[in-house]
Amino acid sequence: MNIHNYEKLWLVLAMVMIIGFISTVVYGATAVGIEMVNDEGGTIDSTALEEDDRFAEPRVERVGDNEYEAYVVARQFIFEPDPIEIPANSTLTFYVTSPDVIHGFEVVGTNANAMVIPGEVTELTVELNEPGEYGILCNEYCGGGHHTMEGKLIVQP
Ligand code: CUA
């Protein structure tokens, strides 16, 4: 009889742990007001970015109500444009590419984190619900100035 009760207790504890793990993941994905929706891209000639409609002039463009696109060039050892500014409660799709070597593109404190590979366009969509400032970091070693390579994302109130 006692053994049966202990079994029940362990079953309950196991359920509590599983629910706890799921809550942690959900909390991590939504709590900071910025949520990654997808990440896929396309290809590009990394030696001719200056001839590309999107990347000749790195910038942020409004493409709809509360919808923005950012064309970002990650190069040794800067992100362009910098800062990236967007109003709160908008959806922002980053298109990021590199003319030189592999870089990283991480919005610090969120799950938006991707590799930027010469010849490829990294596409990342995030939802920006709350105002705030986020650092953008390169987390792939890309040369002597790697540790100085950073940018800023400003979500305006
Ligand atoms: Cu760019 Cu490290």
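What value, in deg cm²/dmol to 500, does the helix sum -39500 (n - 2.57) over DSSP H runs of n ≥ 4 give at 222 nm once divided by the residues of the chain?
Numbers: 1 runs with 29 residues, N = 157.
When only DSSP H runs of four or more count, the value is -6500 deg cm²/dmol.
Can you tell me what share of the DSSP beta bridges in the chain is antiparallel? A percent to the nearest 5 is fine. Present the calculation step by step, with values, prior to reporting the outcome.
On the way: 34 of 45 bridges.
Antiparallel: roughly 75 percent of the beta bridges in the chain.
Just the projected area, averaged over all directions, of the convex hull on the alpha carbon atoms of the chain: how many nm²? Mind dumping the intermediate values first?
Working: hull surface 49.5 nm².
Computing the convex hull of the Cα atoms and averaging its projections yields 12.4 nm².
Checking a compactness column here: for the range 63-155, what do you get for Rg(Cα) / (2.2 N^0.38 Å), N being the number of residues?
Values: Rg = 12.6 Å, N = 93, 2.2 N^0.38 = 12.3 Å.
Compactness ratio reported: 1.02.
Going by amide H atoms built from the backbone, whose H comes under 5 Å of the H on Phe79, apart from near neighbours?
Glu150
Kindly write out, for the range 78-95 in residue order, the coupling ³J(HN,Hα) from the Karplus curve 6.51 cos²θ - 1.76 cosθ + 1.60 (θ = phi - 60°), rounded to whole Hz, with x marking Gly and Pro.
9, 10, 10, x, 8, x, 9, 10, 8, x, 5, 6, 10, 9, 10, 9, 8, 10
With every protein chain present, what accessible area does Glu130 have (1.4 Å probe, heavy atoms only), rounded to the nearest 10 Å²?
Glu130 exposes around 100 Å² with every protein chain in place.
Quick one: with all protein chains in place, what share of the accessible area of the chain is carbon or sulfur, to the nearest percent (1.4 Å probe)?
Of the solvent-accessible surface of the chain, carbon and sulfur hold 55 percent.
Could you state the angle between the C-alpha long axis of helix 2-30 and the longest principal axis of the C-alpha atoms of the chain, as a value from 0 to 90 degrees rounded to the nearest 10?
20
The values are calculated or read from the model by the stated rules, or taken from the named source; none is laboratory data. Predicted model only: the values in this text are computed from it and were never measured. Protein only, heavy atoms only, side chains kept; ligands, DNA and RNA dropped before computing areas. Shrake-Rupley method; radii C 1.70, N 1.55, O 1.52, S 1.80 Å.
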